[in-house]
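The values are calculated or read from the model by the stated rules, or taken from the named source; none is laboratory data. Computed from a predicted structure; not experimentally measured. Neighbour counts are summed over all protein chains in view; Cβ atoms, including those assigned to glycine, are modelled from backbone coordinates with ideal geometry.
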Amino acid sequence: MIQNSLGFPIETILVFVGLAVTAIIIDLYAHHNDKPISLKNAIIWSLFWIAVALGFALFLYIHHGSTIASLFITGYVLEKALSVDNLFVIMAIFSWFAVPNNYRHRLLYWGVIGAIIFRAIFVVIGTGLLYLGPWMELVFSILVACTGIMMLKNQDNAENIKDYSNHFAFRIAKRIFPTYPKIVGRSFLLSQKQLDIELAKAENNNLVDKIPKSLFYATPLFLCIVVIELSDVMFAFDSVPAVIAVSQEPLIVYSAMIFAILGLRTMYFILQAMQQYLVHLSKAVICLLFFIAGKLALNASNHLFGCGIDIDPTTSLYVILGILTLGIIASIIWPVKNKDQ
């Protein structure tokens, strides 16, 4: 088999791309209508995405051995876990923009496409930086630890919905396109003709004077997806160094992330329904970040000074699964009661 710069045969890359593209096509065909996704539907599709990831893990196990398969599964589970906090932020964004449930899957689709692109860029940069020396692991360790500290500080403000009108991406988008303040179907942008039709139907005639002339006009759905995309870029700063702590092979890192990301749309609807019951899951994610930061620091210390510890992938997987399990158990044992009760 022909090796390439990613360290894996061309056949492995083709299997990864083929599985991902086929699964995306199936998902798009099944959800091409703007209909809300039920909890039952979301669970079935989440199991589908997990099966796809496990299918690729089985391929890696057969063709590349148990170590490579373990690295992939560990990275996959870690990315899934770290995505929980990302999805909670997206829930808050949807709430602030008042996005109807039947359009959320469409926005999540574009968010996933952006995540695929941004993760590819960050994986290339991140794995490339590691070639500069073990001290880069210390830098990544600090980045991950800082993220954990910020998440810990924001725990007290979790119930407060952020005002996204002050968000950097929101302000930039409004400078590029004049905005129409109401959601118009599934449209992200309106033409002048479409805007005239909407203004004719609007009860508030003052909108005519407030909206400057332009070729296109942004709707709240467009502003929402811009905010989501920039938020995902910020989350990439956390997840890429964390998964790189598991493996420094670009294909393993990227494939683990992609298969985890592709299931986020359906996972969103599960978390939305279960949010009130998984009250301590975000705390488990914070613990995961500190574990990864410690793992990176210990690996770097071992390589630089010979006095650290290299935590193997299997142990990392057990620790990650253990922390997540404890977060779920804690949510069951110590649920947070509503203030009204």
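Number of residues in the range 82-123 that are surrounded by 23 or more Cβ atoms within 10 Å (Cβ to Cβ) and either in contact with a Leu (Cβ under 6 Å, 6 or more places away or on another chain) or free of Cβ contacts under 8 Å to residues at least 24 places away in the same chain (or both) equals 1. Among the residues making up the range 130-146, a single one is assigned to a helix (DSSP H, G or I) and at pLDDT below 80: Leu130. Whenever a residue of the range 181-209 is among the small types (Gly, Ala, Ser), its partners that are modelled with pLDDT under 75, lying with C-beta atoms within less than 9 angstrom and at least six residues away or across chains, give the pairs Gly185/Asp34; Ala202/Val208.
Does Ala69 meet the test of being more than 15 Å from the chain's Cα centre (by Cα) and at positive phi? For Ala69, the condition - more than 15 Å from the chain's Cα centre (by Cα) and at positive phi - is not met.
Which count do you get for residues in the range 84-129 that are outside any helix (DSSP H, G or I) and touching a helix residue (DSSP H, G or I) at 6+ places or on another chain (Cβ under 7 Å)? Qualifying residue count for the region: 1.
Only a single criterion out of (1) modelled with pLDDT under 80; (2) within 22 Å of the chain's Cα centre (by Cα) is not satisfied by His303, namely (2).
Screening Ala200 on (1) in a helix (DSSP H, G or I); (2) in contact with a helix residue (DSSP H, G or I) (Cβ under 8 Å, 6 or more places away or on another chain); (3) of a type outside the set (S, T, N, Q) shows it passes everything except condition (2). For residues in the range 5-30 being surrounded by 12 or more Cβ atoms within 10 Å (Cβ to Cβ) and in a loop (DSSP other than H, G, I, E, B), which is modelled with the lowest pLDDT? If we take residues in the range 5-30 being surrounded by 12 or more Cβ atoms within 10 Å (Cβ to Cβ) and in a loop (DSSP other than H, G, I, E, B), then Leu6 is modelled with the lowest pLDDT.
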